[in-house]
Amino acid sequence: MNAANLRLINALGLLGISFILYVGFVLQFLWNELPCPLCLLQRVGFAFVAIGFMLNVVQGPRPANYGVVLFGAIFGAACALRQVCLHIVPGTGHFGSPIFGIHYYSWAFMLFSATILAVAVLLAMTTAILLLYWSPLKMQGIGYTLKKQVNFINQLWNLLRMCKKITVLA
């Protein structure tokens with residue numbers, strides 16, 4: 001996995017979030033279903049997620065940009081969960097028409113949760129790429145080279161394999 005592939009994955013994430021916002025606007029303007037305040041807050045969460053993905057597409061994958069995505073996803077998930085909890089009691093009604101039998105706020109919670117899990121994986125891949133291709137110590141003039149980083153990672157990997165063999169024998 002290289003930075004170009006991660007940019008492509010972020011672009012696909014941006015397209016997916018844009019489609020979700022598009023569906024929300026279609027429901028609002030074409031079907032005349034006005035969003036409630038919690039739905040508007042969920043859209044803000046989706047917008048933050050989209051901005052984070054867009055920053056990764058433009059600037060390249062960076063952990064700080066994934067922080068924007070995670071902030072938006074956690075905020076949106078909290079708003080969606082609040083709305084789900086408000087309507088979980090029987091007889092309280094619901095807002096909006098269901099999409100495939102599930103209401104928008106329930107979809108939003110599931111999508112925000114999936115976004116958090118996907119970004120955790122992307123963040124791990126991005127961090128691995130940054131460890132291999134970018135050396136903050138070299139930037140500071142200490143002279144820490146990429147070869148030393150790769151050797152350190154190999155030594156750490158061999159140590160972990162050795163520990164695994166010891167635990168299997170024990």
Query raised in the report: What distance in nm separates the simple spin-label points at Leu117 and Val89, each placed 7 Å from Cα in the Cβ direction?
Result: 3.1
Query raised in the report: What full-extension length gain, to one decimal in nm, is calculated for Leu15 and Leu159 as 0.36 nm per residue of separation minus the Cα-Cα distance?
Result: 47.7 nm
Query raised in the report: Quick one: with all protein chains in place, what share of the accessible area of the range 1-139 is carbon or sulfur, to the nearest percent (1.4 Å probe)?
Result: 78
Query raised in the report: For the range 89-129, what ratio Rg/Rh do Cα atoms give with a Kirkwood hydrodynamic radius?
Result: 1.27
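Given R₀ = 30 Å, FRET efficiency for Trp31-Ala4 by Cβ-Cβ distance, to 0.05?
For Trp31 and Ala4, the calculated efficiency is 0.15.
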Query - Contact order relative to length of the range 11-110, as percent, for alpha carbon pairs under 8 angstrom and 6 or more apart - result: 26
Requested in this report: Under 1.5 on a/c is rounded, so check that first for the range 1-80, then, if it is not, pick prolate when a/b is larger than b/c and oblate when it is not; a ≥ b ≥ c are the square roots of the alpha carbon gyration tensor eigenvalues.
Outcome: oblate
Query - Area accessible to solvent at Leu21, 1.4 Å probe radius, in Å² - result: 30
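Using a 1.4 Å probe, what is the accessible area per residue for the range 17-131, in Å²?
Working: 6250 Å² over 115 residues.
Here the per-residue accessible area is 54 Å².
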Requested in this report: Using DSSP to define loop residues, name the chymotrypsin sites (Phe, Trp or Tyr not before Pro) in the range 1-89 whose beta-carbon has at most 12 other beta-carbon atoms within 10 Å.
Outcome: Trp31
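The values are calculated or read from the model by the stated rules, or taken from the named source; none is laboratory data. Worth saying up front: this structure is predicted, and the values here are computed from it rather than measured. Neighbour counts run over all protein chains shown; Cβ positions are idealised from the backbone, glycine included. These area figures cover heavy atoms from the full protein model, side chains too; ligands, DNA and RNA do not enter into them. Shrake-Rupley method; radii C 1.70, N 1.55, O 1.52, S 1.80 Å.
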